[in-house]
1. Read through the list (1) within 18 Å of Glu247 (Cβ to Cβ); (2) outside any loop (DSSP other than H, G, I, E, B), then give the number of the only condition that Asn306 fails.
2. With the checklist (1) modelled with pLDDT of 90 or more; (2) open to solvent by less than 60 Å² (accessible area, probe 1.4 Å) in hand, flag the one item Lys347 doesn't pass.
3. Is it the case that segment 154-161 has a residue that's touching a His at 6+ places or on another chain (Cβ under 7 Å) and either open to solvent by 70 Å² or more (accessible area, probe 1.4 Å) or assigned to a helix (DSSP H, G or I) (or both)?
4. Scan segment 207-227 and tell me whether some residue there is within 36 Å of the chain's Cα centre (by Cα) and among the aliphatic types (A, V, I, L, M).
5. Output the number of the condition that Thr258 fails; it satisfies all remaining conditions of (1) open to solvent by 30 Å² or more (accessible area, probe 1.4 Å); (2) part of a helix (DSSP H, G or I); (3) in contact (Cβ under 8 Å) with a residue 12 or more places away in the chain.
6. Condition (residue is surrounded by fewer than 21 Cβ atoms within 10 Å (Cβ to Cβ), without any contact (Cβ under 8 Å) to a residue 40 or more places away in the chain, among the aliphatic types (A, V, I, L, M) and at negative phi) applied to segment 375-384: is it met by at least one residue?
7. Could you list, in sequence order, the residues of segment 215-255 that are of a type in the set (A, V, I, L, M), part of a loop (DSSP other than H, G, I, E, B) and buried (at least 18 other Cβ atoms within 10 Å of the Cβ)?
8. Any residue in segment 213-227 that is of a type in the set (Phe, Trp, Tyr) sitting within a Cβ distance under 7 Å of a residue that is open to solvent by 100 Å² or more (accessible area, probe 1.4 Å) and at pLDDT 90 or above? List the pairs, counting only those 6 or more apart or interchain.
Amino acid sequence: MSMIIDRRLNDRNKNASNRQRFIRRYKAQLRKSVADIVADRSITDMSRGGEVGIPVKDISEPKFRIGRGGDREMVHPGNKEFTTGDKIAKPPSGGAGGGSGSGEGQGEEGQDNFMFTLSKEEFMSLFFDDLELPRLARNVLGDSKQFTYRRAGYTPSGVPANLSVPRSLQNAMARRIALRAPLYRELEELKAGAGTAEEIEALEKRIERIPFLDEYDLRFRHRVKEPKPISRAVMFCLMDVSASMSEQKKDLAKRFFTLLYLFLSRKYEHVELVFIRHTSDAQEVDEHAFFHDPQTGGTVVMSALNLMMEILEERYSPNQWNIYGAQVSDGDAFGSDPQRSAMRLSKDILPLCRYFAYVEVPDSASSITPLAGAYSQIRDSVFAMSTVMDRSDVYPVLRELFQRDVA
């Protein structure tokens, strides 16, 4: 009898299969808890695992109980306070009821949480597994590590599993016909009167000794290994660091780009990131400078878009790269800069992009900034806009912009 022994390195009192089953079953509740705790984390701790709480009522399961059988007749007493259609108010919490639970304070409802510790890998999986880059195409062979096997005819050598029986039998039949045909003609001449009985018998035995299947007849299916096309993409990250961007706004922008960076680095192997920050001038910087170096100044959005176009023309051909862009700004642009930027984006950049997302961090949700007003006139399926007002909005906006298209 076959036996399967699970020797995976589980922690004490933990089982990997049970953990995965629990995560699959309560994925929605875990994801909501993960999104809540991320809003309070620092940027450096964004990808760390941790302990999440799930209300016990969310993980309760229905139970079957045996009721009383048979027919029952009951008479319920009436009341003096309510009539048909009245709504009964919920009793105040924290009262002197006879329940066994305890409230969190006077007038507050108590709630017990089931605490569950997530590893870093489980945390990241809940965060990003159903996100993807829209319209990603496999357009480059490149240095692919994935291969596919293609049929390439037949070969006289190979492993038994690849033996082509029909092709081998065809070769055997052709060989037998080619070898026997002259011998049969010679045999007919001998039988016509010119040969002796010994010569006829020797020739018949010679014909019989021709093998039905010879090693030369064998043919094996031949397959060649070809690299699979890869999805090579570049993401342009454009961040406004001008004087109008307060520290709170810059924190929201950096949080968005941190989650975007974690999402891309986890989900895709061949994605490059280009970091561009701008005031009145735009600069291409490395990751550390993008997230940590302070800078301030005026606001010219057009400078960032111009720099993006220069880098595209120099390093990233649309025929070989899937091009994406993400821009975060407070929308405070002056003069003709918003209209010129919208024109530059719609006429020159969007036709080359698979997807471009603009995230705004305005002073108030009701205000319409000059840049948002100009961008709202863009009618292109590859362009999307959203607004972030608080830390708790960053992850939902990321999911809204990069949600997997189930269609």
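1. So Asn306 meets the others, but not (1).
2. It is condition (2) that Lys347 fails.
3. Yes, that holds for at least one residue.
4. Within segment 207-227, one or more residues are within 36 Å of the chain's Cα centre (by Cα) and among the aliphatic types (A, V, I, L, M).
5. Exception for Thr258: condition (1).
6. Here is the first cut: in segment 375-384, the residues surrounded by fewer than 21 Cβ atoms within 10 Å (Cβ to Cβ) are 376-384.
Now narrow it down to the ones that are without any contact (Cβ under 8 Å) to a residue 40 or more places away in the chain: 376-381, 383-384.
This time we only want the ones that are among the aliphatic types (A, V, I, L, M), so: 378, 384.
Next, from what is left, pick out any that are at negative phi: 378, 384.
Yes; the residues of segment 375-384 include at least one that is surrounded by fewer than 21 Cβ atoms within 10 Å (Cβ to Cβ), without any contact (Cβ under 8 Å) to a residue 40 or more places away in the chain, among the aliphatic types (A, V, I, L, M) and at negative phi.
7. Leu218, Val241, Met245
8. Pairs found: none.
The values are calculated or read from the model by the stated rules, or taken from the named source; none is laboratory data. Computed from a predicted model, the values in this text were never measured in an experiment. Ideal geometry is used to build each Cβ from the backbone, glycine not excepted, and the neighbour counts take in all protein chains shown. Heavy atoms of the whole protein, side chains included, go into the accessibility calculation; ligands, DNA and RNA do not. Shrake-Rupley method; radii C 1.70, N 1.55, O 1.52, S 1.80 Å.
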